[in-house]
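The values are calculated or read from the model by the stated rules, or taken from the named source; none is laboratory data. It should be emphasised that the depicted structure is a prediction, and the values quoted were computed from it without experimental measurement. For neighbour counting, all protein chains shown are included, and Cβ atoms are generated from backbone atoms with ideal geometry for every residue, glycine included. Accessible surface areas use protein heavy atoms only, side chains included; no ligands, DNA or RNA. Shrake-Rupley method; radii C 1.70, N 1.55, O 1.52, S 1.80 Å.
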Amino acid sequence: MIRLLRKLLSVANLRRKRAQARGQIATVLLLAIVAVLLFTLMTANLGQVSLVATNAANASDSASLYLASQLSTKSHQLWESLGHKTQKCQKKGFFGSLFAIIFAIVMIVLQQYEFLPVAFAPTTTGAIAAAFGSTTAPIVAAGAIGGFVGGAIGGAVTGTNPLIGALQGALIGASIGFGVGSAQNLAASFASSAGTKAGAAAAAVGTGSEFEIALAFAKEFNAFMASYAAPFAIGGGAFSAGTSLFNSVMSDLAKSDAIAAAAKALSGLPETLRIQQGVIFRALSETVDDPTKVQDVHDADGDGDTQEQIPRFLSWWDQRVKALKDNIPTMADTVSQFVNGPMTTFHDAAEATYKKPPDPGMFARQEVEGSGMEGSDGELVDLARRLENAGHPISFWAPGPTAAQIDDSECEESACDAAPLPPGWDEVDETIERLQQLAGTGGATDEDKGMIDNLKDQTVTHNTATWESWSKLFYDPDPQETDDFYDEAAVLVNGGVFEGESFKGIKAWKEELQSVKVSLPQCQPQYDEEDDQLIGVSNPPCQDLAGSLLGEPFATSDADFADEFVPVETKLNQLVSDIESFRPASKDFVTTMTTLSEGITTDFGGKNPAGYAWSDSRGDLSVEVEVGPFKVARTKKKSSFKKICIVLKDYADDGSRSWVKITRQDPVRDAGFWRWNDYGGKTAKLSRSAYSFNFVKIAGTQ
């Protein structure tokens, strides 16, 4: 029998002499069958390749748009908070109220949206049908019909609901057909048979489950197929073979709370990492079609049931996120130690320099903190005022301005550049302003709070998740960004330039006071007229650095022997020490947090790129997702003597940084006369999305 079959399959049988020829028709038919089978396999393989490529392209587009949407949302929130501007400037006297708003927007945390499977609602089904009905070509119907068959088979193969697979396959097949078709003659028929009826059937189901809606949709496709399947059965059926299995698995097997838990599990991660991993989750969940179910031993969905079956992918993702969070407790401890340690210490030291009477700080001014009351100056201002009145002007201080003069100098945006400074605005006023940006004004309202006050009001969890945003206000590792407090504090202490305005610095103040002190005239003693006792000096301000009057050196600005210079020098030294201690602490904090953040990793596929591999009846498969080095929108402060500006940074991208690449590896098999996936089985798609605060779009694909 076998010998006869081999003889019939042999081409030589066709060349035999008529007398010897037997079964030549059978030979032709068998060879034709082989050719048809070969063609069918080739077509099915091409269809599979097309579907895999299409799915990868769609998934990369979807993921990159999702990334751009998240980044654009953050940009829009900040842009809106700045009054629909990318830069908001105001006169410095209004800084308190401005900064209360700005710091609030700095702390905006983009919520991680849940990625859940969407059931086809009646309106959605009708909309899809209407869209097909108005623009589709005959090949759409062919693709839909073939996809229906292939999807149903795929659903049956994976043990899931065939109707759900049929629905998914029909939609995929129709979308492929939409891309290649052009004629319109079947559009009306498709609309009425598979569109309007499907929409009506879905509407009849109402708000039923996705399975009921799928059943209604499938019935209409089945009726449509009975009338139009013949012309398109071969092409459509082959082209839709092997449709996406994972969509049907997710629709049928994965509970929505498990997927929701997978997305929510990302909360608590630093913002940039959380967005990145959310995009990876979305891309993987749209391309991985691992049909395997496992026991939910780790309770991935958080429902307390560890006996249920969930997709292996979701269980893997749950373990992956937990591994990514291994460093979070250490990061939270680092944040807590910084906020409650160096930050709080500096806050208290800074606030003490300008606190109001009755116990005024050394920078307190009677025009502002003293509410115009004479004698309410702090030590430094009191000494400078006395020296000024005695004909020894101090370059870093001048009388005024009053609180009313500061408020009367209101301006916004570029008008501030031309507006004059309030009369008497000096380096002491500038220093107070910059310290208050961190430590607040000492008042009880929200508008009186500075950056540190706002941070102390937040939870450690919140501050840890948002550390990348607020930490750059204290120290920005980018050498081009010089408006952080780290650089600003160096100018406060050592002198330099603030936005084009020269600033001597606190150390120069000390030197100037020392120079004035030694230039003062020798103190002349003043005696009591009755008992001839030494009671003070007669020519303040003066100095007795030789110690001839009291046996020790001193300098005074009034008639008594109290040395007003020494306490001021001591407090200035202490302020310099506090600033110089906080500067490196800020840098060390950012460096440590950056190291910890970069050290976040996982053995479950890697951080970025992230890969997932599995094996099933097809062989060994894998998907890898890589997300571009995007930047999250933030605000930064720019301040000069005249104005303070809040600038929106990193609010847009042209796709050079906001991109997603998906690489899928399918098995290559040798079927003897045909090699399945002979191209190597690798499919790679990259999608770039551009965005700003007012748009999101695909910028390019490859």
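Measuring r between the beta carbons of ALA323 and GLU512 and using R0 = 45 Å, the FRET efficiency lands at 0.20.
At R0 = 56 Å, how high is the FRET efficiency between THR601 and ALA404 if r is their beta carbon distance? Nearest 0.05 is fine. Can you show the working numbers first?
On the way: r = 58 Å, r/R0 = 1.03.
Working from the Cβ atoms, E equals 0.45.
Given the pairs LYS88/LYS649; LYS85/LYS587; LYS587/LYS643; LYS637/LYS697; LYS325/LYS587; LYS510/LYS643, which are separated by over 20 angstrom at their Cα positions?
Working: LYS88/LYS649 12 Å; LYS85/LYS587 30 Å; LYS587/LYS643 26 Å; LYS637/LYS697 30 Å; LYS325/LYS587 24 Å; LYS510/LYS643 27 Å.
In this structure, LYS85/LYS587; LYS587/LYS643; LYS637/LYS697; LYS325/LYS587; LYS510/LYS643 exceed 20 Å between Cα atoms.
Straightening the chain between ASP448 and ILE33 buys 140.8 nm, computed as 0.36 nm per residue apart minus the Cα-Cα spacing. Between GLU501 and GLN307, the simple label model (points 7 Å from Cα in the Cβ direction) yields a spacing of 7.3 nm. Heavy atoms of the protein chains alone define the surface here; on that basis segment 283-409 has 42 Å² accessible area per residue at 1.4 Å probe size.
Taking only the alpha-carbon atoms of segment 364-459, what semi-axes of the equivalent ellipsoid follow from 5 times the gyration tensor eigenvalues under a square root, in whole Å, largest first? Provide the component values of the computation, followed by the final result.
Numbers: eigenvalues 135, 71, 29 Å².
In descending order the semi-axes read 26, 19, 12 Å.
Of all lysines in the structure, the ones whose alpha carbon falls short of 23 Å from that of LYS293, not counting any fewer than 8 places away in one chain, are LYS255, LYS264, LYS322. In this structure ASP654 has an accessible area near 100 Å², from a 1.4 Å probe over the protein heavy atoms.
With a Förster radius of 22 Å applied to the C-beta separation of GLN337 and ALA490, the computed FRET efficiency comes to 0.40.
With coordinates expressed along the principal axes, the C-alpha atoms belonging to segment 498-613 extend over 102, 34, 20 Å, beginning with the largest.
Heavy-atom accessible area per residue, segment 460-502, 1.4 Å probe: how many Å²?
Working: 1710 Å² over 43 residues.
Result: 40 Å² per residue.
First compute the accessible area of segment 303-428 with a 1.4 Å probe, then give the percent of it belonging to carbon and sulfur atoms. Carbon and sulfur: 50 percent of the exposed surface of segment 303-428. Between SER519 and SER581, what is the label-to-label distance in nm when each label sits 7 Å out along the Cα-to-Cβ direction? A separation of 3.4 nm, rounded to one decimal place.
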